[in-house]
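Student: Quick one: structure below, then a few questions.
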Amino acid sequence: CTGWTGTGSVPPSGTGTSVTFTLNEPSSITWNWKTQYYLTVYSPSSSPPYGSPVPTSDWFDAGTNITASVTSPWPGPAGTRYVCTGWTGTGSVPSSGTETSVTFTLTEPSSITWNWKTQYYLTVYSPSSSPPYGSPVPTSDWFDAGTNITASVTSPWPGPAGTRYVCTGWTGTGSVPSSGTETSVTFTLTEPSSITWNWKTQYQVIFDQTGVGS
């Protein structure tokens with residue numbers, strides 16, 4: 001109810017849901033109404049929900065122009081984050097999209113569901129130079145949960161004159177096998193993880209010969 005309009009003894013208009021008057025002539029009161037629709041907004045639960053969606057579920061006036069959005073990426077536990085992959089909608093909301101915001105006019109009961117994927121951080125360490133020993137692939141970065149990764153280095157790796165570095169394998173945490181002696185390893189990323197490439201230093205020795213048969 002948006003109030004009333006009146007004639008005669010009834011005050012001519014008001015915005016409340018009640019009015020008091022003394023009837024001393026023929027009169028009328030017309031109650032005025034607007035329509036509202038409920039917009040259901042869903043994003044996986046946390047405190048607050050992933051992406052802190054704007055708006056949240058609520059009633060809105062018919063014909064309201066709404067821009068719905070989320071913040072992405074959204075932080076999770078250490079080494080974990082959530083990335084919005086778009087939305088699915090019903091009613092006045094477009095049926096689907098891949099953005100982190102959508103604008104629509106509310107003309108019926110509607111819903112929007114924000115969709116997310118999980119990413120984990122893979123920390124890759126190799127002793128520092130420019131680039132790091134072995135030019136590791138990949139470098140430290142975020143990857144989608146379930147990604148199959150083949151990590152590798154180039155060995156031996158050149159150093160100063162007469163010096164080189166030879167990879168002796170790796171040590172790993174999380175989804176990375178705990179250790180190995182190769183220069184590559186394949187794994188599926190299912191949690192925050194790390195791989196440390198291990199190296200030994202070698203020096204070049206040059207042997208000279210003087211005289212025949214020496």
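Student: Would you check if there is a residue in the range 5-28 being among the hydrophobic types (A, V, I, L, M, F, W, C), over 30 Å from F143 (Cβ atoms) and open to solvent by 70 Å² or more (accessible area, probe 1.4 Å)?
Tutor: Checked against the condition, which is being among the hydrophobic types (A, V, I, L, M, F, W, C), over 30 Å from F143 (Cβ atoms) and open to solvent by 70 Å² or more (accessible area, probe 1.4 Å), the range 5-28 yields at least one hit.
Student: Restricting to the range 70-106, name every residue that is open to solvent by 40 Å² or more (accessible area, probe 1.4 Å) and part of a strand (DSSP E or B).
Tutor: Within the range 70-106, W74, P75, R81, T85, T88, T90, S96, S101, T103, T105 qualify.
Student: Now a separate question. Please go through the range 116-127 and give me each residue that is open to solvent by 30 Å² or more (accessible area, probe 1.4 Å) and either out of contact with any Cys (no Cβ under 7 Å at 6 or more places or on another chain) or not in a strand (DSSP E or B) (or both), ordered by number.
Tutor: Correct list: K117, T118, Y120, Y121, T123, Y125, P127.
Student: Right, here's the next one. Residue under question is S72, and the condition is that it be out of contact with any Leu (no Cβ under 8 Å at 6 or more places or on another chain) and at pLDDT below 95; does it hold?
Tutor: no
Student: Please pick out the residue among T64, T113, T90, T98 that is more than 26 Å from the chain's Cα centre (by Cα) and farther than 30 Å from S194 by Cα.
Tutor: So the residue among T64, T113, T90, T98 that is more than 26 Å from the chain's Cα centre (by Cα) and farther than 30 Å from S194 by Cα is T64.
Student: Another question, if that's okay. Could you look through the range 29-44, keep only residues that are part of a strand (DSSP E or B) and over 30 Å from S9 (Cα atoms), and pick out the one that is most open to solvent (accessible area, probe 1.4 Å)?
Tutor: Among those residues, the one meeting the criterion is Y42.
Student: Find the residue count for the range 45-69, including only residues that are open to solvent by less than 80 Å² (accessible area, probe 1.4 Å) and part of a loop (DSSP other than H, G, I, E, B).
Tutor: Of the residues in the range 45-69, 12 are open to solvent by less than 80 Å² (accessible area, probe 1.4 Å) and part of a loop (DSSP other than H, G, I, E, B).
Student: I'd like the residue in the range 50-77 that is of a type in the set (A, V, I, L, M, F, W, C) and free of Cβ contacts under 8 Å to residues at least 24 places away in the same chain and, out of all such residues, is farthest from T98 (Cα to Cα).
Tutor: Checking each candidate, the answer is W59.
Student: May I pose another question? Would you mind telling me which numbered condition in (1) over 30 Å from P53 (Cα atoms); (2) at pLDDT 95 or above D144 fails?
Tutor: Tallying (1) over 30 Å from P53 (Cα atoms); (2) at pLDDT 95 or above, D144 fails exactly one: (1).
Student: Ok, one more. Can you say whether S110 is among the small types (G, A, S) and over 30 Å from W59 (Cα atoms), as far as the supplied structure shows?
Tutor: When the stated conditions are applied, S110 does not pass them.
Student: Contact list please: Cβ distance under 7 Å, first residue in the range 1-20 and part of a strand (DSSP E or B), second residue open to solvent by 70 Å² or more (accessible area, probe 1.4 Å) and hydrophobic (A, V, I, L, M, F, W, C), pairs at least six apart or on different chains.
Tutor: Close Cβ pairs satisfying both conditions: W4/W31.
The values are calculated or read from the model by the stated rules, or taken from the named source; none is laboratory data. The structure displayed is predicted, hence computed values, not measured ones. Positions of Cβ are backbone-derived with ideal geometry, glycine not excepted, and every protein chain shown enters the neighbour counts. With ligands, DNA and RNA removed, areas are computed over all heavy atoms of the protein, side chains included. Shrake-Rupley method; radii C 1.70, N 1.55, O 1.52, S 1.80 Å.
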